[in-house]
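> Handing you a structure now.
Rule-based calculations on the coordinates, nothing more; no lab input. Because the structure is predicted, anything quoted here is derived from the model rather than measured. Quick reminder, even Gly has a Cβ in these numbers, built from the backbone with ideal geometry, and neighbours come from all protein chains shown.
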Amino acid sequence: MLLEVDAVGRSFGGVQAVQSASFGVAPGEVHGLIGPNGAGKTTLLNLISGLVRPTQGTIQLRGRRLDGLPPHRVAALGVTRTFQNIRLFPELSALENVIVGAHRTRRAPLWPRLLFAPTAAREERAVRARAAALLERVGLAERAGERSANLSYGEQRRVEIARALAADPAVLLLDEPTAGMSRGEVEAIARLIRDVAREGRAVLLVEHNLELVMGVCDRITVLDFGKVLADGTPAEVRADPAVIAAYLGSDA
Ligand SMILES: Nc1ncnc2c1ncn2[C@@H]1O[C@H](COP(=O)(O)OP(=O)(O)OP(=O)(O)O)[C@@H](O)[C@H]1O
Ligand SMILES: [Mg+2]
């Protein structure tokens, strides 16, 4: 396994948001993380990305402990994400937001950049070109210069995906990437997710759109009240009576 979540738990005061959750994600795998509202999906992504520390358990990337590391270290090791509540710099352009995500792949240290050394300038151009290519990949080439605040929700979510990819991650965490998107946009995101996995990256996908989840995921982990309720292929999960009961008992 590339990413290994082992018996991870996190409580907030009296609320056990995640309880002893275990699952693994392999390279090139699209892994769905589904469950009713409040099941602990976002909390799990926060635990993996270092935004929140687990109160129990371990999280490993290629056998290396991630739990306890701050978010920028987790990102530098190869785990990047998008947010359920979009977190772009609204005054920066789409392109500039993606460049921010490329930060960790820059080699040239600060001092030559300050001295305008040719290597740093070359790297700067390469970063810009790569960011532009990523915007094209998410279908936003012609919106590159637009302030992020002026973009639609669907476009902002796509900028976040491009920003997360700019760091060349081994694991991409997506928190409801298609919320607020049109049907056409959702289909484009589904193709993009499969493409990203084909490059050998692991994708951990939190989504309420079950048609999308069933269509793109290799495996799915179902959370309910912070616990893993089921884990398996889409067909296995869909046929699981406990999963059906959890979903019928919620508005999802
Ligand atoms: N920082 C926090 N402080 C207190 N409680 C929290 C915090 N973060 C999450 N929780 C609680 O943990 C539980 C799980 O929340 P979480 O946001 O992980 O659910 P979710 O599965 O992402 O739900 P949704 O589908 O609505 O996004 C909820 O009861 C929530 O109120
Ligand atoms: Mg959530």
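> Measure nothing but the geometry: give the 0 to 90° angle between the long axis through the Cα atoms of 183-198 and the longest principal axis through the Cα atoms of the chain, rounded to 10°.
Result, in degrees: 80.
> OK, next. What is the sum of charges, Lys and Arg at +1 and Asp and Glu at -1, for the other residues whose Cβ falls under 11 Å from the Cβ of residue 150?
Around residue 150, the surrounding residues sum to -1.
> Ok, one more. Calculate one ³J(HN,Hα) per residue across region 158-170 by plugging θ = phi - 60° into the Karplus curve 6.51 cos²θ - 1.76 cosθ + 1.60, and present them in order as whole Hz with x for glycine and proline.
5, 4, 4, 5, 4, 5, 5, 6, 4, 8, 6, x, 7
> Could you size up the charge dipole of the chain around its Cα centre, putting +1 on the beta carbon of Lys and Arg and -1 on that of Asp and Glu, and report it in debye to the nearest 20?
Once rounded to the nearest 20, the dipole reads 1040 debye.
> Ranking request for peptides 42-48, 57-63, 117-123: highest mean number of other beta-carbon atoms within 10 Å first, then the rest in descending order. Intermediate values should be presented prior to the final figure.
Numbers: 42-48: 23.6, 57-63: 16.4, 117-123: 13.6.
So the order, starting with the most tightly packed, is 42-48, 57-63, 117-123.
> Rounded to the nearest 500 deg cm²/dmol, what is the calculated helix-only ellipticity per residue at 222 nm for the chain, with -39500 (n - 2.57) per DSSP H run of length n ≥ 4?
Result for the chain: -11500 deg cm²/dmol, rounded to the nearest 500.
> Using amide H atoms built 1.01 Å from N in the peptide plane, name the residues 5+ places from residue 57, or on other chains, whose amide H lies under 5 Å from its own.
Here the answer is 9, since their amide H atoms fall under 5 Å of that of residue 57.
> Going by average Cβ neighbours within 10 Å, how do the peptides 32-40, 146-154, 3-11 rank, with the highest at the top?
32-40, 3-11, 146-154
> Once amide H atoms are built 1.01 Å from N in the peptide plane, which residues 5 or more positions from residue 231, or in another chain, come under 5 Å H to H?
Residues meeting the amide H criterion: 222.
> Right, here's the next one. Only bridges whose two residues both fall in the chain count here: according to DSSP, what percent of them are antiparallel, nearest 5?
55 percent
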